[in-house]
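In what follows, a structure is listed as structure tokens, so that the remarks can point back to it.
Derivation of every value follows stated rules applied to the coordinates shown; laboratory data play no part. Keep in mind it's a predicted model, so treat the numbers as computed, not measured. As a convention, Cβ positions derive from the backbone with ideal geometry for all residues, glycine included, and neighbour counts pool all protein chains shown.
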Amino acid sequence: MRVVFRVDASLQMGTGHVMRCLTLAQVLKENGANVKFICRKHEGNLIDKIRSNGFNVYELVLLEENEANSKLSHSHWLGATQQQDAGDCINVIKLEKIDWLIVDHYAIDEEWQRIIIPYCKNLMSIDDLADRKHLCDILLDQTFGRQGLDYKNLVSESCTMLLGTQYALLRPEFSQWREYSLKRRQKSQFKQLLVNMGGVDVNNITKEILNEISKCNLPNNINIVVIMGSTAPHINSIKAMVKTFPYQVEVRVGVHNMAEIMANSDLAIGATGTTTWERCCLGLPTIQLVIAENQAFSAKNLGKENIGKSIKDIQELGRLLDGTNKWMQKSGQSSAKVCDGLGAFKALNAMKSTSKI
């Protein structure tokens, strides 16, 4: 099976789209698929990381933004018009038969897909906005609380919809650490605090969080672990800041054992992005912040189910941290029910049963 992913990362759009595609790509590869990527060279791209995971990447150069491409709210993330981008992709895939083209991009909709469909046998769209039309055989939206009605009139009746956190694309390490992590939480403790505001954190929210933590009355033996992506622009400033911090802080960059770190953490402070489902899989209680518009839907639904504690203002951190033991265990138990970490395998099975190969 020949599979091509069209996905990007940048300082503006973050790393989550590429990371979840890499997860699915690895599962496909392990099941015999020939997998390649097409990525545009935005600042903060993850092309080198994709290659380091053993995949070929076709690079697309940045083009001048065209106002004709402004109908989508995220159109400026593409670095070209949809017509230009589709043409660039056709130049890549027209020489070989593509069984599945998988697209994960907020700036792509039916306009791009209509152009590209003649060049692939099957098309999957990965989305979490439900704000535009798709011409695809499978639509995967791993958002908590997502319903079929949200995509009414946005996909065809024949489209297979994989909706909800049971399809969250998590690396196998999370399901492997799940049992250990859940068992560990049966005994309430607060010795390690994890801070992770996504792979980029272009606005340096990590610094604001650490400022608030420094004012809190935490256990003297607390270990604070700050995780940052390798393309994050504020790594050096955070490393300098923690040298004079009142608590022990480790700053780790570009880690490869995130599941292990989460499993051994007692509480997390993080964005309501793709790492939300990683934390849920491991039952990790979380104080979550909405740092992007596309995270609001999940945050609202998670709050209704008492899964984590959402804050709108970082100054609320102190109140929650001072009363953590009152809600941590119950919140962790609720979050563990959200996701089992096997979404990528479920997506693979859906591709096999849906495929027109």
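Counted over all Cα-Cα pairs of the range 122-240, pairs farther apart than 22 Å make up 59 percent.
Centre-to-centre separation between the Cα atoms of the range 5-58 and those of the range 105-183: 16 Å. Per-residue extension of 0.36 nm, minus the Cα-Cα distance of L95 and S230, leaves a gain of 45.2 nm for this segment.
What order, most packed first, do the peptides 252-260, 170-178, 111-119 have when packing is the mean number of other Cβ atoms within 10 Å of each residue?
170-178, 111-119, 252-260
Assuming R0 = 30 Å, what is the FRET efficiency of Q186 and R319, from their Cβ-Cβ distance, to the nearest 0.05? Calculated transfer efficiency: 0.70. Summing charges over all other residues whose Cβ lies under 15 Å from the Cβ of W100, with Lys and Arg as +1 and Asp and Glu as -1, gives +4. If you take all other residues with their beta carbon under 15 Å from the beta carbon of G32, and give Lys and Arg +1 and Asp and Glu -1, the sum is +2.
Over every Cα atom in the chain, the radius of gyration and the widest Cα-Cα span, Dmax, amount to 20.4, 62 Å.
Remark: C-alpha extents of the range 171-263 on the principal axes read 36, 32, 17 Å, sorted largest to smallest. Using the Cβ-Cβ distance between S237 and Q333 with R0 set to 25 Å, the FRET efficiency works out to roughly 0.10. When only alpha carbons of the range 172-336 are considered, Rg and Dmax amount to 14.5, 39 Å. Here the dipole of the chain is about 1160 debye; that uses its Cα centre as origin and unit charges on the Cβ of Lys and Arg (positive) and Asp and Glu (negative). The length gained on full extension between N220 and L348, counted as 0.36 nm times the residue separation minus their Cα-Cα distance, comes to 41.4 nm. GNM on the chain, alpha-carbon springs under 10 angstrom: the most fluctuating residue among L149, L194, L46 is L149.
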